[in-house]
Structures are given as structure tokens and as C-alpha cells.
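For reference, the structure is listed below as C-alpha cells.
The values are calculated or read from the model by the stated rules, or taken from the named source; none is laboratory data. Keep in mind that what you see is a predicted model, and the values were worked out from it rather than measured. Cβ coordinates were reconstructed from backbone atoms using ideal geometry, including for glycine residues, and neighbour counts include every protein chain displayed.
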């Protein structure tokens, strides 16, 4: 069984947020939900300032607080290390969300079809598109995954359930990279099997010093950062995203 | 049988116009709450003020969870009273025993109902919890022990405790005779049956006390064992929940007892000793809670862990300061009011020296103006956006001061009457209880993010307020209706 | 005698159901490292737990309502 992990090379990240875009396209997440989010920080005082970027996917912790508190086992850890959300079972209590120290969970506050950036069914939009609906609904996202055969892929399936980054389980199971990794123009994101010494994650981790976010909480994240340093009180966000549905 | 009853006691089965009007008002509030909830069912939780923690800068849990915690807390009263009466043989508290038990049952029903609107998929919630619930989740205890076990235990206790009265009432011709006969289930009040009931109730009380502690603690653990939320992760959380439960429960019981003392004119049976006893217990619990608060604040600020300090500052001086200080002020004022009757009459209480009528008018005006100011300034916002509203800070503080003067102006009355002191104390600590519940639930989400998302905000919407108001009305409705079909106090021996 | 026996049986059975369902029938406790931690080992194990809690308190009802063994003869109590 592989042990999947992600490595984020902050020395390479240039804050273009292509990963956020790729994630939205691949997973169909509703408005204001950012399964992948890139912090843009500024530190120091003018003129000695320094700008750096920190992508934040789900950490897929080995000791996941969200899976521990889930009352119905909708949030669970897969054997390969992915922390999955079964949107067929989730009751929408949002306990995972308040338990997560990283803030990676997104609740479907309204009917997701009415919550994409463009509502293709709306009259004004239809007038422009001539009734054509782009094939945004990826059938791969509806299939059950894993040996346990549970519906854990994709976003925006159902009103009133919690969803979050899946490490693109629908791609990973087919041997592909997650969308954010595959689309990073700077090769700042790596994804692979920690058990395999030839994988890019093993290679990078062997070469460079790495750290993980909020390691002191004992959540054992599967997302490793190399370069830069963890955000600290001096790190100011250049622009705070407070996108509301 | 020694006890003889001619007509149904304590207003049971007698319906006046005022009663129907009261029911009508309650029903309309319940109906409004149901309408609000139906909007939420159709639109989704987007109609509430809840939003995601992190990039959305919101709180995922808000009013619903806070009031769930509050209602579970109120349920503390009944079982505690039952246990106290049985285990410590406090016979003089007997008259409030059934009021307290009914309060427990109604509060637990409301607690169950206030979780449902918080769920995104309520129907799934009911099915999946029974089907999949995991003991590892702190919610397991909440819904198995609190909602199911506690409620069932209370119902059993209530049922068994009511059999004697049901048997008495079953002898009086009334439309409810069949119901009473069913409840009595063959009870004839023989010495053997009485002895058996005493024994059963004693053991039930013993079994319920550990359930009491575990049930209220599990709710504390929902928050207390989450290391990812500053302000929640604390050993004190579970004990503080038990104590605060006692504060709100006993406080509300004092108010209810005073209401029945007045409405039923039962000054003899609901005598002052009951209020003195409950008031003393409540004062003690408030003192313990204040001690917990100080210990908590010292722990979070002394070491100076950045996120904990940020959260504590948000409470003490930041956007939640008004709620924090109103709650603490209500708690302290309630404590003083409860202790006033204990001041020996040789020590004259000379708090206000102005004419009371003037002070009260000023105080009322201040409270009203304060409310209007709050609403105008923030909308009814819990954590206002930075720099909201043109009014300077001091206006709020002056109004708060006037409100305090308003409460102070009643102090001579509290010193004279233990009942008035109990009502004021009970109301004040319940205001504080609601405030503290909100302060536990919300700030740790908006101001307790460990990654630098920046502070968030949470503003409840009309839907949330309406659902909560509907819940309160539903509780009052259930309570009132029950009082009309069954005596709220044990039928006295001499009747 | 019958009454005491029934009551005791209910209490014991209730606590046993609680313990068994909590530790053996419901989802296992521990750090969730696999899907097995998300599923109860027996479906509806939580309902069994609730049943256990209810049985314990139902014992009190049984204790009070169960007629004396041997019909309506009240031995020495009147």
C-alpha cells in the first residue's frame, strides 16, 4: 500500500495561484470554496520587505482531528493515507470543520448547482451560451473509490454536507497527479509515494530540510514544506480572502 | 387512602381566556420559527450567518450550538433537585421537585430540536447517528447519554414520581380521568407501594448522579479536547460546563417557582425557605464559576501563547468585549442580588440614594437606548466589523452604567424579599449563561485560527433568531400545557 | 423475589449491552488509520448502546409496576 504525501517547495512557489484554479476546474468546487488556497505573505518594514507564498491544501494528517471527531465516520483515513469525505454519509454537523486547525473544510451552504461562479441554467446566461452547458460535471467525480467503495471524490455534490481537498482521489487512483500538482508551472508541488525511494517526494525530502504546519499539535500532516519557514505573527497576508457565499 | 381530593388542584383542567391568549401568542411564535426553519431547509444554511472557518472568515457553529449547550445546561436543574431531595432528604424542597423535573424534560427536548437545524442534512442525521455513530467522537456521548439516556431517565423518574398524584386525580370525575388512570397504572398508595417507590426513586437518584456529571461533561468535551482551537482546549472545560449547567438550571427553576407562587397563589407551599435554599445553592455555583473564569483567564494570558492571547484580548477588549462584560456583569450582579437577603437586617442596605422611581425610569430608558444603539451600530452583530458605527465607545459604557444603576435601584427590594432576589438572580445568571455559551462557541472560530487567516466575524440572521425564539416558545408551550393537565406540585397531604 | 430478579436482570443486561456495544460492536477506538475506524463493526451498534442505557432505567419502572409474584396476595403488607 502506498503512502501518499505532498511536498510544497516554497523556494519555487511564485504565488500565481494556478493550483487554486486547477483545483476548481478539476473538482467543481462551489463559489468561495478553496480546497487549495495560497497565502500571500509580506514580512518586515518598508523598504526591507519580503514577500513569500504558502499553498495550503488539506494536510491529510496521519492523526486527523477531523476523522476523530466525525460522529458518523463520513470523514475517514484511507489505507493509502488520503483523508476522505464520504458525502453520501455526511450529516453536515461541521464538527470536522471546527476541529481542524488548518481551516480546510468547506460546507455546502446552498444548493451547489446554484452556487457555481456561473449558473448555466439561468435565463441570462442561457441567452449568451445558446442553451449549451459546458461539460463541467465530470462523471469521474460520481464514482465510488477505494476498496471500501465510498463516494469521496469531487465537490459540490449535495447541499448541507462538508467537503474538502481529496488529493484528487479520482486522478490518483488512475495513476495521475492531483490537479494542483500537474498544473503548477513552477514545479513547486510534488506528489507521490513516501514508500518509493524514487518518487519525487522522497527525493526532495531526502535532499532538503522540511517542516510541516502546526507540527506541535501532533496531527502528523502528510503535506511537507521545504524552504522558507512556517508563517509567524510577523507574516501579514497581503490580501485576505473573505469570499462569502 | 388518607388523602382526599374533591376537585383537580393547582388550576389543572381550568382554562381561562388569558390562558388561551397566552397559548395563541406562543403558537404564533412557534409557527414563525417553523417558517424560518422551512426557509433554511429550502435554501440551505446560507440563510444563517454561519460561514466556513478560514478563508471565508466565519464561524461554522453559532447560535444553534450555543443554545443547544444552554438548553442541555438548563436540564441540570430537574435531576439535581430530584437527587438532592432523595439522597440528602431535603423534604422542604419537595414542592419544586416536579417543576424541576418537567424543566429538565422540556429543556432536553429543546436541546434535541436545536441541534437539528444546525445539521445540513437533518434526516440523514437521525438515521446515520443511530447507524454509524462512533464512540470516539465527543458527539457520541451527547446524543446517546444526553439526548437519549438523560431524557429517558428523566421521563422514567417523572413518570414514577407522578403515579401517586395520578392515582389521586383518577378518582375525581374529569375528562382526563382515563389519562390519570393510565398513568397511575394500578397504584393505590398502599404503604408497601409507597415504600417500593421510595426505594426505586432512591436508587434511580443514585444512578442518575453519575449520569448527570458524565452527560454535562461530554458536552464540555465536545469543545475541551480540540487542540486546534485556542480557547477550547482546556481541562477546565468539562467541569465548567457542569457548573454553568447548574447555574442556568437552578436560576431558571427559581424564576419558574416564583411564577407559580404568584399565579397559583401558593405562598404557603412554595415558602421562602425554598427560595433561600435554591438561592444559596445558586450563589455558590456562581462563585465556583467565577473562580473558574479567573483561573481560565490567568492560564491563557500568563504564558502568552500568541493565539491564546489574541483570543483572550478579543474577549476582554476586542469585538466580543461587550458580550463578555455584559455576561460577567450579569453574573456578578446576580450573585450580589442572591446574597442580599443574607445580609443581616442590622446592616442597612443603602445602595441607591436617589428616588427609585426616577432611577428605574432612567435605567429602563438606558437599557432601551443601549439595545437600539447595539442594533443600529452592528446590526445585531456578534463580532462587529472593525470601526463600525460613528458612536464613541463611551456612549455604550454610560448606558451600561445606567443599566447597572437600574438593577441597583431594586436592591432594597431584594434585601427584603428572598423571592424577588431569587427571580432577579435567576434571570441575570441566565442572561450570563447564554452570553457565556456564545462566547465559548463563537470567538474560538472567528479569532482562534492557528493559520494567519485574519479575524473573522459572525452575525446571526433573522432565521437563527426566529428558530431560537420558536424553540423558547415551544418549551413554554409544552410546559404550560402540561401544567393544565397535571398538577405541577405534589398534591398536599391535607387537601 | 421475581421483581428483584427482573430488575437486577434488566440493570445487568443494560450495562452489559452498553459495554459490549461501546467497546466491541461500535467503531473501534484509537487513531483512525484506516477505513475500519469509520464503520461500526455491527450496524446500528449505537442504537444498541442507547437500548442499554434505556434498559437500565427501565428497570425502575419494572420494579415498581411488576405485580407481586403469586397474583394479588400482598404478603404482610396489606
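If only residues of segment B:213-239 that are crowded, with 24+ Cβ neighbours inside 10 Å and more than 14 Å from chain A (Cβ to nearest Cβ) are counted, the one that is modelled with the lowest pLDDT is B:215.
Summed over segment A:206-239, the residues that are within 12 Å of another protein chain (Cβ to nearest Cβ), over 18 Å from the mean Cα position of the chain (by Cα) and part of a loop (DSSP other than H, G, I, E, B) give a count of 9. Find the residue count for segment B:185-205, including only residues that are loosely packed, with under 14 Cβ neighbours inside 10 Å and either at pLDDT below 85 or over 19 Å from residue C:6 (Cα atoms) (or both). Residues in segment B:185-205 being loosely packed, with under 14 Cβ neighbours inside 10 Å and either at pLDDT below 85 or over 19 Å from residue C:6 (Cα atoms) (or both): 5 in total.
Would segment A:162-170 turn up any residue that is under 19 Å from residue A:53 (Cα atoms), away from chain B (no Cβ under 14 Å) and touching a residue at least 12 places away in the same chain (Cβ under 8 Å)? Looking for residues that are under 19 Å from residue A:53 (Cα atoms), away from chain B (no Cβ under 14 Å) and touching a residue at least 12 places away in the same chain (Cβ under 8 Å), one finds none in segment A:162-170, hence no. Filtered by the rule that a residue be buried (at least 18 other Cβ atoms within 10 Å of the Cβ) and over 15 Å from the mean Cα position of the chain (by Cα), segment C:1-43 gives C:26, C:27, C:32, C:35, C:37, C:38, C:39, C:40.
With respect to the conditions (1) under 26 Å from residue C:55 (Cα atoms); (2) touching a helix residue (DSSP H, G or I) at 6+ places or on another chain (Cβ under 6 Å); (3) free of Cβ contacts under 8 Å to residues at least 40 places away in the same chain, residue B:146 falls short on a single one, namely (3). The number of residues in segment C:1-44 being within 14 Å of chain A (Cβ to nearest Cβ) and free of Cβ contacts under 8 Å to residues at least 12 places away in the same chain comes to 12.
Residues that are surrounded by 21 or more Cβ atoms within 10 Å (Cβ to Cβ) and more than 14 Å from every other protein chain (Cβ to nearest Cβ) within segment B:27-56 comprise B:33, B:36, listed in sequence order.
Residue A:40 meets all of the listed conditions (1) more than 9 Å from every other protein chain (Cβ to nearest Cβ); (2) in a loop (DSSP other than H, G, I, E, B); (3) modelled with pLDDT of 90 or more but one, namely (2). Within segment A:143-157, being under 18 Å from the mean Cα position of the chain (by Cα) and away from chain C (no Cβ under 14 Å) holds for A:153, A:154, A:155, A:156, A:157.
Remark: pairs (first residue in segment C:55-70, more than 7 Å from chain B (Cβ to nearest Cβ); second residue modelled with pLDDT under 85 and part of a loop (DSSP other than H, G, I, E, B); Cβ separation under 7 Å; 6+ apart in sequence or on different chains) = C:68/C:74; C:69/C:1.
Is it the case that some residue within segment B:167-184 is in contact (Cβ under 8 Å) with a residue 60 or more places away in the chain and at the interface with another protein chain (Cβ under 7 Å from one of its Cβ atoms)? No, segment B:167-184 contains no residue that is in contact (Cβ under 8 Å) with a residue 60 or more places away in the chain and at the interface with another protein chain (Cβ under 7 Å from one of its Cβ atoms). Restricting B:66, B:60 to residues that are within 14 Å of chain A (Cβ to nearest Cβ) and either touching a strand residue (DSSP E or B) at 6+ places or on another chain (Cβ under 7 Å) or free of Cβ contacts under 8 Å to residues at least 40 places away in the same chain (or both) narrows the list to B:60.
Buried (at least 18 other Cβ atoms within 10 Å of the Cβ), out of contact with any strand residue (DSSP E or B) (no Cβ under 7 Å at 6 or more places or on another chain) and outside the structural domain of residue B:28 (by TED's automatic domain parsing): does that describe residue B:439? Considered against the rule, which asks whether it is buried (at least 18 other Cβ atoms within 10 Å of the Cβ), out of contact with any strand residue (DSSP E or B) (no Cβ under 7 Å at 6 or more places or on another chain) and outside the structural domain of residue B:28 (by TED's automatic domain parsing), residue B:439 comes out as yes. A residue that is surrounded by fewer than 22 Cβ atoms within 10 Å (Cβ to Cβ), within 14 Å of another protein chain (Cβ to nearest Cβ), modelled with pLDDT of 90 or more and not in a helix (DSSP H, G or I) occurs somewhere in segment B:121-130. Considering only residues in segment A:69-84 that are within 9 Å of chain B (Cβ to nearest Cβ) and part of a loop (DSSP other than H, G, I, E, B), the one that is farthest from residue B:39 (Cα to Cα) turns out to be A:73.
Go through segment B:447-471 and give me each residue that's outside any loop (DSSP other than H, G, I, E, B) and either free of Cβ contacts under 8 Å to residues at least 12 places away in the same chain or within 11 Å of chain A (Cβ to nearest Cβ) (or both).
The answer is none; no residue qualifies.
Taking the stated definitions as given, is residue A:66 more than 7 Å from every other protein chain (Cβ to nearest Cβ), in a loop (DSSP other than H, G, I, E, B) and either crowded, with 24+ Cβ neighbours inside 10 Å or at pLDDT 95 or above (or both)? Taking the combined requirement at face value, the residue does not satisfy it. For the structure I just gave you, tell me whether residue A:230 is closer than 25 Å to residue A:43 by Cβ and at pLDDT 95 or above. Considered against the rule, which asks whether it is closer than 25 Å to residue A:43 by Cβ and at pLDDT 95 or above, residue A:230 comes out as no.
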